[in-house]
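The values are calculated or read from the model by the stated rules, or taken from the named source; none is laboratory data. Everything quoted here is computed from the prediction, not taken from an experiment. Note that each Cβ is placed from the backbone with ideal geometry, even for glycine, and that neighbours are counted across all protein chains shown.
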Amino acid sequence: MNPLYALRTVVRGRVWLPGDPGFDAARRPWNLAVEQPVGAVVEAADADDVATLVRHARTAGVPITTQPNGHGATGRTDGTILLRTRRLDTLEIDPATARAHVGAGVSSGRVQAAAATHGLTGLPGSSPVVSVTGVALGGGLSWFGRAHGWVADSVTAFDVVDAEGRQRRVTARTDPDLFWALRGGGGDFAIVTALDLALHPAPRLYGGRVLWTAEHAPAVLDAYRRITATAPDELTVWLDLLHFPGSAPMVAVDATHLGDEGEARKLLTPLDRLPAPLADGRRVMAVSELGTITAEPTDPGAGLSRGELLTELDDTTAKTLLADPIAPLLSVQIRHLGGAFTRPSDSPHGPLTEPYALYLFGIPGTPAPAEAVAARQNALADALPVSGRKPFSFLNPGETAADAFSHTALGRLRDVKHRHDPHHLFRSNFPVLT
């Protein structure tokens, strides 16, 4: 029997095969600009089901690609079984120890909502719909990373299924090399079914977006530079140059402060000296409301992105950023890093010494074709002082793991891959072996 057709009798979860109703929808990634060819799609019922699937795939010699919902997909999936882990949705919060046990299918927004009731927070990014496991496997840039480092730095244990189909618990003590690789090296080494996450105190939070017309971009960028030059670790500020189809160009500042409103307003005073904004959404908020700040789409859509790390944001860099309209891009985002990101990290990325991250985003065909979007991204990135490496979670489908990691870290990741998955059963979005 064809090993893919045998899946229906092997696993207890749902199986889609080519030609089945719903197959195309099941294999579709979050980014609709990415074509994702697969041999089959399996939505596992639980961790036992994942282990059964791995043993079957190992015997059949068919690789597995794991995605909760397809964020970060690259299309390097031809001939694989696409494993969806959405039903691995266990979430347990222990307020006494400030720990969360998080299933592989649990979104960041769910963790935030559960932790908020105890005055705690995870390390969420800009979107509430991405899975915590997916973010952690990619390292993870968070709103609160300046205070607490990479998302992966807060992971204390992984529940995995290894390449032999065994369920294991991986910690720094039980398997330091595999633990290190999983904290930001991607999903190339084992299938993570759950993880334990250290939570952090968040009794008070102030944040939101302030929006101006683009004519004020030079003054807004100058204020942004002054704020970030002296910002404490509890304050995170991002700048966004925006140009949505059918709208005039705009500029926004997004901010969060882990502290009281009065201190936050004092730190953000340079914004109040600017011309009157179109909107000011800053307020005291719950950590479960962070997704409202940038209001990113919560449904799949097509997009083209490019991420970089900036070595400086000096006068020349500022002038280059504002020299021309960003069109056909929708957004040019600058994220302030520093703080805890610069401190030692037992992860493949290690510390981030670059002070800012740059994220360039456009939609192919709206209003320009993909080639024009990519050309604008390339031209802007080439004109700016970038370090040459990128956050793993910022990689686009045309890039590889080598674009994110140092030569030494990539060599260690490859060694972990060879030892823990010698037959290359697991194929992540960005394999460490190419």
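Out of the residues in segment 236-269 that are β-branched (Val, Ile, Thr) and in contact (Cβ under 8 Å) with a residue 40 or more places away in the chain, which is farthest from residue 208 (Cα to Cα)? Per the stated criteria, the residue is 251.
Let's see how each residue does on (1) under 30 Å from residue 239 (Cβ atoms); (2) of a type in the set (Gly, Ala, Ser):
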| position | (1), (2) |
| --- | --- |
| 145 | yes, yes |
| 158 | no, no |
| 181 | no, yes |
| 194 | no, yes |
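Can you confirm whether residue 159 is among the charged types (D, E, K, R), surrounded by fewer than 21 Cβ atoms within 10 Å (Cβ to Cβ), under 24 Å from the mean Cα position of the chain (by Cα) and over 30 Å from residue 275 (Cβ atoms)?
Details: among the charged types (D, E, K, R): yes; surrounded by fewer than 21 Cβ atoms within 10 Å (Cβ to Cβ): no; under 24 Å from the mean Cα position of the chain (by Cα): yes; over 30 Å from residue 275 (Cβ atoms): yes.
Considered against the rule, which asks whether it is among the charged types (D, E, K, R), surrounded by fewer than 21 Cβ atoms within 10 Å (Cβ to Cβ), under 24 Å from the mean Cα position of the chain (by Cα) and over 30 Å from residue 275 (Cβ atoms), residue 159 comes out as no.
Of all the residues in segment 71-89, those that are among the small types (Gly, Ala, Ser) and crowded, with 22+ Cβ neighbours inside 10 Å number 2.
Residues checked against (1) buried (at least 23 other Cβ atoms within 10 Å of the Cβ); (2) free of Cβ contacts under 8 Å to residues at least 40 places away in the same chain; (3) in a helix (DSSP H, G or I); (4) among the basic types (Lys, Arg):
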{"site": "97", "(1), (2), (3), (4)": "no, yes, no, no"}
{"site": "102", "(1), (2), (3), (4)": "yes, no, no, no"}
{"site": "129", "(1), (2), (3), (4)": "no, no, no, no"}
{"site": "143", "(1), (2), (3), (4)": "yes, no, no, no"}
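For segment 377-430, how many residues are part of a helix (DSSP H, G or I) and either under 17 Å from the mean Cα position of the chain (by Cα) or under 14 Å from residue 358 (Cα atoms) (or both)? Full working, then the answer.
As a first pass, look at segment 377-430 and keep what is part of a helix (DSSP H, G or I): 377-383, 392-394, 401-403, 407-420.
Of the ones still in play, those that are also either under 17 Å from the mean Cα position of the chain (by Cα) or under 14 Å from residue 358 (Cα atoms) (or both) are 377-383, 392-394, 401, 403.
So the answer is 12.
Residue count for segment 145-170 satisfying the condition of being in a helix (DSSP H, G or I) and under 19 Å from residue 409 (Cα atoms): 3. Among the hydrophobic types (A, V, I, L, M, F, W, C), closer than 29 Å to residue 61 by Cα and in a loop (DSSP other than H, G, I, E, B): is that true of residue 88 in this structure? Answer is yes for this residue.
Is it the case that some residue within segment 51-67 is in contact (Cβ under 8 Å) with a residue 12 or more places away in the chain, under 20 Å from residue 398 (Cβ atoms) and not in a strand (DSSP E or B)? No, there is no match, as no residue in segment 51-67 is in contact (Cβ under 8 Å) with a residue 12 or more places away in the chain, under 20 Å from residue 398 (Cβ atoms) and not in a strand (DSSP E or B).
Name the residues in segment 320-348 that are of a type in the set (A, V, I, L, M), part of a loop (DSSP other than H, G, I, E, B), in contact with a strand residue (DSSP E or B) (Cβ under 7 Å, 6 or more places away or on another chain) and more than 30 Å from residue 182 (Cβ to Cβ), would you? Steps first, please.
Let us first name the residues in segment 320-348 that are of a type in the set (A, V, I, L, M), namely 321-323, 326-327, 329-330, 332, 334, 337, 340.
With the extra rule that they be part of a loop (DSSP other than H, G, I, E, B), the set shrinks to 323, 326-327, 329-330, 337.
Remaining after also requiring in contact with a strand residue (DSSP E or B) (Cβ under 7 Å, 6 or more places away or on another chain): 326, 329-330, 337.
Passing the criteria: 326, 329, 330.
Within segment 357-370, identify whether any single residue is on the phi > 0 side of the Ramachandran plot, part of a loop (DSSP other than H, G, I, E, B) and more than 22 Å from the chain's Cα centre (by Cα), and answer yes or no. Yes, segment 357-370 contains a residue that is on the phi > 0 side of the Ramachandran plot, part of a loop (DSSP other than H, G, I, E, B) and more than 22 Å from the chain's Cα centre (by Cα).
If you scan segment 173-194, which residues turn out to be of a type outside the set (Val, Ile, Thr), closer than 20 Å to residue 52 by Cα and touching a helix residue (DSSP H, G or I) at 6+ places or on another chain (Cβ under 6 Å)? Quick ask: steps written out before the conclusion?
At the first step, the residues of segment 173-194 found to be of a type outside the set (Val, Ile, Thr) are 173, 175-190, 194.
When the remaining residues are screened for being closer than 20 Å to residue 52 by Cα, the result is 187-190, 194.
Correct list: 187, 188, 189.
Residues in segment 264-287 include none that are at pLDDT 95 or above, under 26 Å from the mean Cα position of the chain (by Cα) and among the acidic types (Asp, Glu). Restricting attention to segment 171-188, the residues being in contact with a Leu (Cβ under 8 Å, 6 or more places away or on another chain) and more than 18 Å from residue 66 (Cα to Cα) number 0.
Please find, within segment 338-352, the residue that is surrounded by the fewest Cβ atoms within 10 Å (Cβ to Cβ) out of those that are over 17 Å from residue 144 (Cβ atoms) and more than 16 Å from the chain's Cα centre (by Cα). Checked segment 338-352; the qualifying residue surrounded by the fewest Cβ atoms within 10 Å (Cβ to Cβ) is 344.
Here segment 270-313 is the region considered, the condition is being free of Cβ contacts under 8 Å to residues at least 24 places away in the same chain and acidic (Asp, Glu), and the residue that is surrounded by the fewest Cβ atoms within 10 Å (Cβ to Cβ) is 299. Number of residues in segment 131-141 that are outside any helix (DSSP H, G or I) and within 20 Å of residue 390 (Cα to Cα): the value is 4. May I ask you to verify whether residue 200 is more than 28 Å from residue 105 (Cα to Cα), touching a helix residue (DSSP H, G or I) at 6+ places or on another chain (Cβ under 7 Å) and either among the small types (Gly, Ala, Ser) or modelled with pLDDT of 95 or more (or both)? No, not satisfied. The single residue among 209, 110, 173 that is surrounded by fewer than 24 Cβ atoms within 10 Å (Cβ to Cβ), of a type outside the set (A, V, I, L, M, F, W, C), without any contact (Cβ under 8 Å) to a residue 24 or more places away in the chain and not in a loop (DSSP other than H, G, I, E, B) turns out to be 110.
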